Every structure is written in C-alpha cells, then in structure tokens.
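Trainee: Got a structure for you, written out below as structure tokens; questions coming shortly.
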Amino acid sequence: MSKQYVIGVLVANISGVLSRVSGMFTRRGFNIDSLTVGETETAGYSRITVAFHGDEDIKERIVTQLEKLHDVKEVEVMDQHETVVRELLLLKVRNTAENRQDIMTVVEIFRSKIVDYSATALICELTGETSKIDAFIDLMKSFGIMEMCRTGIVAVERGENCLKTAVQPDPV
Amino acid sequence: MNGMLISGAGIVAETLIEQGCDTLFGYPGGQVIDLFDALYEKREKIRFVLTAHEQGAAHAADGYARATGKVGTVIATSGPGATNLITGLATACLDSVPLVAITGNVPCSLIGRDSFQEVDIVGVSMPVTKHNFIVKDVNELADTLREAFRIAKSGRPGPVLVDIPKDVQTACCEFEPESAPAAPEPVRQASDHRLQKAAEMIAAAERPYIYFGGGVISGNASAEVLALAEKIDAPLGCSLMGLSAVPSDHPRFLGMQGMHGHYAASAAEDEADLVIALGARFSDRATGKKERFSRHFSIIHIDIDGAELNKNIHAKLTIRGELRDAVSRLTAITKQKRHPAWRKRIEALREEETRRTQESHDVLMQKLGSTADTPRLTHFEIIDAVSAAVPQDAVIVTDVGQHQMWTAQRYPLHTPRTFLTSGGLGTMGYGLGAAVGAFIATGRRTVLFTGDGSFGMNLTELAAAVSEHANITVIIMNNGVLGMVRQWQTLFFDRRYAGTTLNRQTDFVKVAEGFGAKAARAASPAELAAALAEAGKQDGPFVIDCVTDCNELVLPMLPPGGSIDEIITAIK
C-alpha cells in the first residue's frame, strides 16, 4: 500500500553529497516529494530529510541503497506517530481594501504571521505540517497569490530517538 | 613531523606502491604529465602498461583484478581521457570488480570555466562507481587514495575514481608512508538466529537447489558452497558471473542457469521446493519470469550487500553477511540430508538436456549441411578444439554476444578466476583489454573468445598486446553478422535483419599482421588445430579468424520474462 514516508539521512558535510543522495533516487526511479538539507549540531555533518510516496518494499530499497553510499552515515525511517514534522511557507498575497480583513481572519485562524506589509502586497509566514500548509494555500488562492515558497519537510523524532552525529550527552 | 616533503604526484606514486599496486594501466595526457613523471621515477616498482585507448586500459585493469582478486589500477588524463574510462568503470561496477581509477584534471583555479579538456568526471562517473573523490588539497591526497583502495575492496567490491587537479599534483606536503595497504572494512557477519532459521528451512526441504553468483568468487567461498551442497544433497547452478567458482565437471554442478543457461539447471530451479541463493542478485538474465519466484518455492538469499536482499525478488529468508563465513556456519549447523528421489529427478533432467542438446545439434548440422556451400566451423568444434589445445589453467576471456554464451555453456573451467566476462553491463569490446590485463597479471596463457562484432570495437588493443608480448590466443567466431541481436530478430522480429548484417570487407588476419601479431584463418577442424598449435608456441598474441555460419543460434533460450515451459531448445 502506498503511503508517505519521511526519512532522516545523516551525511558527511562535503561537496557533492546532495548529488549522490538525490542521484540515487533518480537513477533507481524513486520519486521525491520533498527534500531539505541543513547543518546539524555537529560540524562536519549535514542532515537531509526526504519525503516520498511508496510501499514498504520501495521504502526498504531506498533505505538500503542510501546506506550503501559512502558519505551517508545513518538513515532513519521516521515513525509517523512519534515524529514532529514541520514545513515553513512564505506566501505573498495581493493586498486590497476589500480582501484585507478576510486575509487577516485566515492568518489569525491558522496562527500565521504577516511578516511584510506594503500598499499592494502582504507576505504571510506559516509553519506547520504539510496538510495545514496545503489548506492555508487553498484559502489564499481566492485572494490572489502573487508568489510563494515552501521549504519542504523537516522532521525530528520525539523523545530519546536521535540520528546520532557523535557521542550524545547523557540525559540528566 | 618526520615525513618527507614531496609533491602530490610523488605522493600518488608512493601511495600506490604502499597499497600494493605493481601494475598500472593507462594513457598519458596534459593533466597527468606530473603523475607520469613521478611514476617514471618508480618504474622499477610499478609496471606501467600503455594501452591504445583509455577504455582498453580500464578493461585491462578490470581483467587484472578479476584474474587475481587484487585491486586493478588505471590512470587517464582529464576530459576525454577520463570520459573514455566510463564504459570500463560501468562494466566493473555492475560486476563488482575492485578498481581504482586516477584521473588528472585542470588546476583548481580553472575548474568550472570549461577549460581545455575539462570535464566534471566526478559528476559523470558518480552513477557508475562505488564512490569517487576529487582531491583539492594536497594534504588530503595520500589518505584519499588509501580510502579509495579500502572502499574498492571492502564488502562488495567495486570501482572508485580519484580525480586530481594538476595544481594538487605539483603542490608539496609532508608524506608519511603507511606500513601496510589499507585493510578492508570489517563486514557484518550473518546472525546466528537467521542461520538457524535457514537450517530449519533446509531440514524441511525435499528438493533443495543452490543458485550461486559472482559473490562466491569474490568471497573465496567455492569450497564452502560445495561443502554445503554435499551435506544437504543439493544440485548447484549459477549465474554467468558465478562461472569458474566450481569445476564444470563437478557431479553436482548443472551449469549456468537462465536465459541461455543449461536446461537442467533452469528446470531444476523451477522444480525445487527451496532455492538457496548465494552471492547472486537474481538478474533478469539469470531468472527469466519473476512471478514464478513467488509461486513454486521458498528462497533463502545470502549476500554481503544488504541492498541486494529483496531488491529483485522477495526471499522468505534474507541473510546479510560475508558469504564464506555464513555458508560454513550454515553447513556446520545443518543436518546431513539425502534426497534420493530428487537426485533421480535431476539425473532425468540431465538426460533430457543431453537429448535436447543432441537434437538441437542435429537440427543445426542438417541446416548447415543444406545451406553451407563453403567450409566453416561450428561453435562446438571451436570450443572443444581450444579447450583440448590450451593448458587447464588458461584464463578464458570473452567479449559479448553469441560467442560469449556458447563459451559460458560449454568451455570446461576448473579453478576460480579463470573465466572473465562482462556479465552485468554486457560490454562488447571488453575482451581484448581484459585479456591483456589478465595475461599481465597471471603470466598464463590467455584465450579471448570474441566475435567479429565485438572484436571490431576495440581491436586496437592488439597494439598493446604486441608491445607487452601478451600470450593471448584470440578466437574470432566470425559469422559476418551481429549474431545475438540477429538471433532475436530471427526469433521475435520475423527475420527482419535491421542493422545486424555487417557485410564488412575486413580481413582480420591482415589487420592482426598489421599490428605485428601473428594470425591465421580457420575454416575446418584441421586448420583450427594447426593454428592453435602455432598459437601455443607464440610469444605474443595470435589471432585465429574462425569462419562460422550466421544461422547458428544460442540454445537453449528462455525468452525474456519466459518460464521453463517456454524454453526454446531447437529451431526447426
């Protein structure tokens, strides 16, 4: 059964590593829904979060193929129920007298923020799970979206489960 | 600091020696002059073999590696030199051959500016190498090269490329030699729990069959695999890459299975109730129709590479681990079994195979007899004459096509690493370079079986074979067509021979002589025997252009995606 998986991939922070990881997906015919990359708490490591749709079999193949890459240090399939998943959206919408109040209402309900205000445009910032972001964008469409940019998923598991970059400090 | 201050080029030469490299195949160029200069300094320790083309150098390093199990090394310049390696790297990658390829590149300051002979070879070679590096700091050069050797030979072996810009070759830094070559990374051993489960499955099976692949050769596990077969009373069959792991005449060995495999091997696998896959990856060429794998039998799949498990087929039990260790531990905990009924069935399948082979041969002879108005040799005659004429320890190399399959089916092999062929990538033109590398590595008589199509691709390496006095007997099965594709056209495309009729006027005897090699043409068993006798006395390559008929087919043939019931064993 096809569903969305989110995996965390800890990699050596060296040039070309993103090509190796994304290239594996391309070469073996796996589709990526979203891919983000950034630094970690330890110098020399980056963390890539990949979301993709597939069945159990595809997920296994992706994980084992990633583990074979020399620059990949650890791969973790995030437990859907035990993971905090977030995405950031910046959305620029047309600022008009007749729409302004409605936009403000949506912004408030979604706990979004207006981060820029000009005579003709507003920029809204929103953080949340993918479904929340999608719903927000849907509502904004009627007001005239001028441009938008979303980061893709980042995810961290709750509690003690960690993608370890180095020796972890003991819990106090 | 007690290291010496030397140049990057010097570090490459020193590190290669330190890593046990004794032979380097390659071709010089503008961005590797410094490397060549440093290697010239060390020419007593590293033999440099100049090929005619970088592709040939990559195949030669591959042949060297396959024939010995050591890491093969190849060097090429930037740009076209580097891209010419790609087919060789891909060939090695798909067949898990340990290689280290060194390329020069333009100085760091010129990278990314489309400089003369600049190519992003790290980007280009990424999907066809196990890993690759570009070294931009001379201080990291020695350790990167060590890491390249380590990766190449660790776990499932493969090719690694190291790209070295020219300014890194000329920059100097401290160098401290290591006392020993890089040790391969320790591999995960099979879990006791899973081996126990495997033993239980074997105990419950009545018709076990062992399917093995190239992992048995790279994992030096031939004896262990045979011991398991003996203990559980199972027949064995293999993929193309598994050939030479066990002696062809071993009573339990049924030969290669799959698309052009032996009937008895494919049929035995189909009738088995348990398939034990060892160091094999269920390639579509070895398996045919995949659906049958979920239908008939359960599978135990043991491999060193976890990514192969459940990749092409789903196994009931997967075991990741070093093959030799896993198989010997499995044998130790498995109860001795005897399966007289299964044995009898295997014997019946063998008899059926003999009958079908004879029938196929009779049909062929009838057809050739009625159409051939000129003398010619059959592949049976050629392979049997060669195996009778050359020493048992000869290294057999093939190109790709019909001749490859015939050789794989029929040539008697005795020891591991005596059969070198491009299995996964199916690289026409692989053979001559690989034969040069294999001869240089072993010093033993090397035989290349090739076709007029494959040979035409890289015959320029005859130049290297002559220069290196390589004792290579080249057997060209010359049928004037691209036989394997033509065979598909015969069977599946209504005999519409699009693009497969060569119609060349090439005289391979003259070509060989032009390169300074000896050569002869053979159209009859007597001529072939005389040529082989002559070739055996030669110091250097000897080309035998064998006249064959374009209507010979590789049989049996399991049509792509077909099942054992659809196997073609004779074409009337």
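The values are calculated or read from the model by the stated rules, or taken from the named source; none is laboratory data. Since the model is a prediction, treat every value here as computed from it, not as a measurement. Virtual Cβ from ideal backbone geometry, glycine too; neighbours counted across all protein chains shown.
Trainee: May I ask you to verify whether B:E527 is of a type in the set (D, E), assigned by TED's automatic domain parsing to the domain that holds B:M428 and surrounded by 19 or more Cβ atoms within 10 Å (Cβ to Cβ)?
Mentor: Values: of a type in the set (D, E): yes; assigned by TED's automatic domain parsing to the domain that holds B:M428: yes; surrounded by 19 or more Cβ atoms within 10 Å (Cβ to Cβ): no.
Spelling it out, it is not the case that B:E527 is of a type in the set (D, E), assigned by TED's automatic domain parsing to the domain that holds B:M428 and surrounded by 19 or more Cβ atoms within 10 Å (Cβ to Cβ).
Trainee: Does B:T506 satisfy the condition of being surrounded by fewer than 18 Cβ atoms within 10 Å (Cβ to Cβ), under 25 Å from B:Q55 (Cα atoms) and more than 23 Å from the chain's Cα centre (by Cα)? Explain how you work it out, then say what you get.
Mentor: On the way: surrounded by fewer than 18 Cβ atoms within 10 Å (Cβ to Cβ): yes; under 25 Å from B:Q55 (Cα atoms): yes; more than 23 Å from the chain's Cα centre (by Cα): yes.
For B:T506, the condition - surrounded by fewer than 18 Cβ atoms within 10 Å (Cβ to Cβ), under 25 Å from B:Q55 (Cα atoms) and more than 23 Å from the chain's Cα centre (by Cα) - is met.
Trainee: May I pose another question? For segment B:66-86, what are the residues that are surrounded by 24 or more Cβ atoms within 10 Å (Cβ to Cβ), under 20 Å from B:V106 (Cβ atoms) and of a type in the set (G, A, S)?
Mentor: Passing the criteria: B:A76, B:S78, B:G81, B:A82.
Trainee: Please verify whether segment A:81-93 includes one or more residues that are of a type outside the set (G, A, S), more than 19 Å from the chain's Cα centre (by Cα) and part of a loop (DSSP other than H, G, I, E, B).
Mentor: If we filter segment A:81-93 for residues that are of a type outside the set (G, A, S), which is where we start, we get A:81-93.
Among the residues that remain, those that are also more than 19 Å from the chain's Cα centre (by Cα) are: A:92-93.
This time we only want the ones that are part of a loop (DSSP other than H, G, I, E, B), so: none.
For segment A:81-93, residues of a type outside the set (G, A, S), more than 19 Å from the chain's Cα centre (by Cα) and part of a loop (DSSP other than H, G, I, E, B): absent.
Trainee: Same structure again: Which condition from (1) outside the structural domain of B:F282 (by TED's automatic domain parsing); (2) in contact with a Lys or Arg (Cβ under 8 Å, 6 or more places away or on another chain) is the one that B:T144 breaks?
Mentor: Just one mismatch for B:T144, condition (2).
Trainee: Considering B:A520, B:A498, which residue is in contact with a helix residue (DSSP H, G or I) (Cβ under 8 Å, 6 or more places away or on another chain), without any contact (Cβ under 8 Å) to a residue 40 or more places away in the chain, surrounded by fewer than 21 Cβ atoms within 10 Å (Cβ to Cβ) and over 29 Å from B:R444 (Cβ atoms)? Explain how you work it out, then say what you get.
Mentor: Values: B:A520 fails: over 29 Å from B:R444 (Cβ atoms).
On inspection, the qualifying residue turns out to be B:A498.
Trainee: Moving to a separate point now. Residues B:V74, B:V100, B:V119: which one is more than 13 Å from chain A (Cβ to nearest Cβ), modelled with pLDDT of 95 or more and assigned to a loop (DSSP other than H, G, I, E, B)? Don't jump to the end; show me each part of the working.
Mentor: Numbers: B:V74 fails: assigned to a loop (DSSP other than H, G, I, E, B); B:V100 fails: assigned to a loop (DSSP other than H, G, I, E, B).
Step by step, each of B:V74, B:V100, B:V119 is checked, and only B:V119 is more than 13 Å from chain A (Cβ to nearest Cβ), modelled with pLDDT of 95 or more and assigned to a loop (DSSP other than H, G, I, E, B).
Trainee: Could you please tell me which pairs satisfy a Cβ distance under 6 Å, a separation of 6+ or placement on different chains, a first residue in segment B:302-323 that is more than 8 Å from every other protein chain (Cβ to nearest Cβ) and among the charged types (D, E, K, R), and a second residue that is outside any loop (DSSP other than H, G, I, E, B) and buried (at least 20 other Cβ atoms within 10 Å of the Cβ)?
Mentor: As it stands, the answer is B:K316/B:I299; B:R320/B:G306, since those pairs meet every condition given.
Trainee: So A:T64 passes all but one of these: (1) surrounded by fewer than 17 Cβ atoms within 10 Å (Cβ to Cβ); (2) among the β-branched types (V, I, T); (3) touching a helix residue (DSSP H, G or I) at 6+ places or on another chain (Cβ under 6 Å). Which condition number does it fail?
Mentor: (1)
Trainee: Kindly indicate which of B:A531, B:A470, B:A570, B:A465 is closer than 24 Å to B:T418 by Cβ and part of a loop (DSSP other than H, G, I, E, B).
Mentor: Working: B:A531 fails: part of a loop (DSSP other than H, G, I, E, B); B:A570 fails: closer than 24 Å to B:T418 by Cβ; B:A465 fails: part of a loop (DSSP other than H, G, I, E, B).
Only one candidate qualifies: B:A470.
Trainee: Residues that are of a type outside the set (K, R) and under 20 Å from B:I383 (Cα atoms): does segment B:513-520 have at least one?
Mentor: For segment B:513-520, residues of a type outside the set (K, R) and under 20 Å from B:I383 (Cα atoms): present.
Trainee: Going through B:R343, B:R355, B:R350 one at a time, which residue ends up being assigned to a helix (DSSP H, G or I), of a type outside the set (G, A, S) and crowded, with 17+ Cβ neighbours inside 10 Å? Give the derivation first.
Mentor: Values: B:R343 fails: crowded, with 17+ Cβ neighbours inside 10 Å; B:R355 fails: crowded, with 17+ Cβ neighbours inside 10 Å.
So the residue among B:R343, B:R355, B:R350 that is assigned to a helix (DSSP H, G or I), of a type outside the set (G, A, S) and crowded, with 17+ Cβ neighbours inside 10 Å is B:R350.
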